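Presented below is the structure to which this report refers.
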Amino acid sequence: MLLKKLPFTRYLTTFFYTFVFWLFLSGHYDIFHVTIGILCCAGVSYVSTDLLFFYKADKKRPFIVVEFFLYTFWLLFQIIIANLQVARLVLSPKLKIDPRIVVYKCRYLKGDVPKATYGNSITLTPGTVTLDIHGRDFYVHALTPAFAKSLKTGTMERKVAHIYH
Amino acid sequence: MIYSILREDMLTKVYENLIVQTVCRIMIPFIQIYALYVIAHGHYSPGGGFQGGVILTASLALIFLAFGQGAVIRRINRRFAIILCALGVFIYAGIGLLCLLLGGNFLDYAQLAPILGVTIPRARSLGILGVEVGVGLAVMAAMYSIILDIAGSPATDNDQESIPVPKDRTAPVEPVA
């Protein structure tokens, strides 16, 4: 059990979030169950605090949660559109698919969390799947050249960059 | 085109994927809390020691897959896993035998009521909780050590006793006349 020493406030923050999650799950709010919850959350925050991180923006962004929420609605709309496109492709008897792997070089995103958000957004949208991220290069599998082209316009990346940067 | 993106370092080094690692870092503490919730509420709701222990092992396996063997052995090393496994079985069998010694059947929790100083239904509830903690520990540690044994070579344990190579295997091969 050789764990790296971290600032005590980070343990406290992890404890707070895990305990909120515990109370949400538990549904029993008597002393006995809350005590078990405190013990479990203390154990988890001792073991896993170095994993859980909290995103620090380079500037102060008080409405980052709201912006992220709005972005998910935009993403949902994109997912519905792409779903219909993929359905039209695969249901047509000609099956006009032409799969390819394209490399997309991102221009604005810095840091792990924005890149992971963007990669997951590409994967969630039907027709495109992020295979890998190396530095600024996103290796994306696209079902047709049209999907690859709409990826290259970089609209989604600008939206993600607008949340985080 | 697919060959051009398969580079040398993907095949030789520990393969790190940014998306997998970032998502795992957010998920793992909450998976662990969920596992402990399943163990602790096994006497009220579906779940219990075995299920919770398996979810706990799943969180450790996720650390293993995303960050490699060193990250997971730094948390629980092989020897500690075996100790936890034995401790879990000890808790389970200890509670059962305690009931036996107090004049009841094996795992007859009602006999624990005088020791704990509570009513008989409360003693049953606490006894089941204790047994489930034992089962959860044993399952978690046993499955964890199985995963380590399947996946890892002991030589890569950095803070662990490595199994010594037998002398005759390292000895230089005698030229056959």
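A:LEU76 versus (1) part of a helix (DSSP H, G or I); (2) among the aliphatic types (A, V, I, L, M); (3) within 11 Å of chain B (Cβ to nearest Cβ): which is the lone unmet condition?
(3)
When the residues of region B:25-51 are narrowed to those that are open to solvent by 50 Å² or more (accessible area, probe 1.4 Å) and part of a helix (DSSP H, G or I), which ends up farthest from the other protein chains (Cβ to nearest Cβ)?
The selected residue is B:PHE50.
Suppose we filter B:ILE91, B:ILE83 for residues that are open to solvent by 20 Å² or more (accessible area, probe 1.4 Å), within 14 Å of chain A (Cβ to nearest Cβ) and within 21 Å of B:VAL135 (Cα to Cα); which single one remains?
It is B:ILE83.
Residues in region B:62-79 that are buried (at least 17 other Cβ atoms within 10 Å of the Cβ) and in a helix (DSSP H, G or I): how many?
Total satisfying the criteria: 9.
Of everything in region A:79-111, what is part of a loop (DSSP other than H, G, I, E, B), open to solvent by 50 Å² or more (accessible area, probe 1.4 Å) and more than 21 Å from A:LYS152 (Cβ to Cβ)? Give them in sequence order.
Hits for region A:79-111 are A:PRO93, A:LYS94, A:LEU95.
Considering only region A:4-22, I want to know if a residue exists there that is part of a loop (DSSP other than H, G, I, E, B) and either hydrophobic (A, V, I, L, M, F, W, C) or in contact (Cβ under 8 Å) with a residue 12 or more places away in the chain (or both).
yes
Looking at A:GLY111 and the list (1) closer than 23 Å to B:LEU18 by Cβ; (2) free of Cβ contacts under 8 Å to residues at least 24 places away in the same chain, which single condition is not satisfied?
It is condition (2) that A:GLY111 fails.
Suppose the filter is open to solvent by 100 Å² or more (accessible area, probe 1.4 Å), modelled with pLDDT of 90 or more, closer than 22 Å to B:HIS41 by Cα and more than 10 Å from chain B (Cβ to nearest Cβ); does A:PHE16 pass it?
Yes: the conditions hold for A:PHE16.
Which of the residues belonging to region A:138-160 are surrounded by 19 or more Cβ atoms within 10 Å (Cβ to Cβ) and either polar (S, T, N, Q) or in a helix (DSSP H, G or I) (or both)?
Across region A:138-160, the qualifying residues are A:PHE147, A:ALA148, A:SER150, A:LEU151, A:MET156, A:GLU157, A:VAL160.
Could you check how many residues of region A:114-159 are more than 13 Å from the chain's Cα centre (by Cα), without any contact (Cβ under 8 Å) to a residue 12 or more places away in the chain and within 11 Å of chain B (Cβ to nearest Cβ)?
3
Which condition number in (1) more than 23 Å from B:LEU18 (Cβ to Cβ); (2) open to solvent by 40 Å² or more (accessible area, probe 1.4 Å) is the one that A:GLY135 fails?
A:GLY135 satisfies all of (1) more than 23 Å from B:LEU18 (Cβ to Cβ); (2) open to solvent by 40 Å² or more (accessible area, probe 1.4 Å) except (1).
Give the residues of region B:131-148 that are open to solvent by 20 Å² or more (accessible area, probe 1.4 Å) and within 23 Å of B:ALA110 (Cβ to Cβ), sorted by residue number.
Within region B:131-148, B:GLU132, B:VAL133, B:VAL135 qualify.
Would you mind finding the one in A:PRO114, A:PRO126 that is under 28 Å from B:MET27 (Cα atoms), part of a loop (DSSP other than H, G, I, E, B) and either among the hydroxyl-bearing types (Ser, Thr, Tyr) or open to solvent by less than 70 Å² (accessible area, probe 1.4 Å) (or both)?
From the options A:PRO114, A:PRO126, the qualifying one is A:PRO126.
Only residues that are exposed (fewer than 14 other Cβ atoms within 10 Å of the Cβ) and in a loop (DSSP other than H, G, I, E, B): list them for region B:94-106, please.
Listed by number, the residues that qualify are B:GLY103, B:ASN105, B:PHE106.
The values are calculated or read from the model by the stated rules, or taken from the named source; none is laboratory data. A quick note: this is a predicted structure, and the numbers were derived from the prediction, not measured. Ideal geometry is used to build each Cβ from the backbone, glycine not excepted, and the neighbour counts take in all protein chains shown. We work out accessible area using only protein heavy atoms, side chains counted, and drop any ligands, DNA or RNA first. Shrake-Rupley method; radii C 1.70, N 1.55, O 1.52, S 1.80 Å.
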